[in-house]
Amino acid sequence: MSLRITGGALRGRRLKSPAGRDVRPTSSRVRESIFSILGQRLDGLRVLDLFAGAGTLGLEAASRGAEHVVFIENDRSHAALVESNAAALEGLCGWRLLRRDARAALPAASADGPFDLVFLDPPYRGGMIPDTLEALTRANLLADGARVIVESHHKQELPESVGALVQDQRRLYKTTAVTIYLWRSDQ
């Protein structure tokens, strides 16, 4: 599969993608839709890319003006892809890679927060989303008004809220669902 950044300063830049059928990078159509919802410019935002895979979502955010991106990826070969792809940032923004389990890495990511935007795209099988959302709410990493973008299988039911994370909208793209949560620390 050929991956390219779809917008911003690095638009059209080719990215290395993981091989194999178990890997499911976010399609360009879904990425374009996500950034259409978020806005094309993300100037100054701090971004957390959980279950980063090849780092595509975090790299899209960086290309669109994010100030700093933390990629969290446990798989060694995928983490190597993130590092290789992040080299394309060429000083465009700060970034860091944590090669650990997403939930276990959250305390280490706190040094780079608070985060304005979080991408959560775990493997569809495994039911990791509710536990990861819980861990995220307990980690005290989110800026007020932060958005958490969750990519899941369209049949997977997600909670309406998790602590101060409240589901704002859900969009379907064939078999992919994109659910956006808003963080309200005053709730």
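Semi-axes, largest first, in whole Å: what does sqrt of 5 times each Cα gyration tensor eigenvalue give for the chain?
Each semi-axis is √(5λ); the values are 22, 18, 17 Å.
Please give the contour-minus-distance gain from H153 to N140: 0.36 nm per residue of separation, less the Cα-Cα distance, rounded to one decimal in nm.
2.0 nm
Pairs of Cα atoms under 8 Å, at least six residues apart: use those to get the relative contact order of the chain, whole percent.
Here the relative contact order equals 16 percent.
Taking 25 Å as R0, compute the FRET efficiency from the Cβ-Cβ separation of R11 and A80 and round it to 0.05.
The pair R11/A80 has a calculated efficiency of 0.55.
Just to check I understand the Karplus step: with θ = phi - 60° and J = 6.51 cos²θ - 1.76 cosθ + 1.60, what whole-Hz values come out for the range 122-136, glycine and proline as x?
So the J values, rounded to whole Hz, are x, x, 4, 8, x, x, 7, 5, x, 5, 5, 4, 4, 4, 5.
Excluding S152 itself, what net charge comes from residues whose Cβ is under 10 Å from its Cβ, given Lys and Arg +1 and Asp and Glu -1?
Spelling it out: positives minus negatives among the neighbours equals -1.
Can you work out ³J(HN,Hα) from phi for every residue in the range 98-108, in order, using Karplus 6.51 cos²θ - 1.76 cosθ + 1.60 and θ = phi - 60°, giving whole Hz and x for Gly and Pro?
Using θ = phi - 60°, the values come out as 10, 8, 7, 4, 4, 5, 6, 7, 4, x, 5 Hz.
Could you pull out every residue, at least 5 positions away or on a different chain, whose amide H is within less than 5 Å of the one on F71? Hs are placed 1.01 Å off N in the peptide plane, and Pro or chain starts have none.
D49, R96, L97, L98
May I ask you to evaluate 6.51 cos²θ - 1.76 cosθ + 1.60, the Karplus curve with θ = phi - 60°, for each residue of the range 69-81 and list the ³J(HN,Hα) values in order in whole Hz, giving x for glycine and proline?
So the Karplus estimates, Gly and Pro as x, are 10, 10, 9, 10, 8, 8, 6, 4, 5, 5, 4, 5, 5 Hz.
Mind listing which GluC sites (Glu not before Pro) in the range 4-91 are in a DSSP loop and have 13 or fewer other Cβ atoms within 10 Å?
E90
Which residues make up the longest stretch of the chain that has no trypsin sites (Lys or Arg not before Pro) in a DSSP loop with at most 13 other Cβ atoms within 10 Å?
Between the exposed loop sites, the longest stretch runs 42-124.
Relative to the present Cα-Cα distance, how much length would full extension add between A87 and R29 at 0.36 nm per residue of separation?
Length gained, A87 through R29: 18.5 nm.
Mind checking the full-extension length gain between R4 and Q169? Use 0.36 nm per residue of separation minus the Cα-Cα distance, one decimal, nm.
56.8 nm
Each value in this text was obtained by applying a stated rule to the coordinates, not by laboratory testing. This structure is a prediction, so every number in the text was calculated from the model and none was measured. Here the Cβ is made from the backbone with ideal geometry for all residues, glycine too, and neighbour counts use every protein chain on show.
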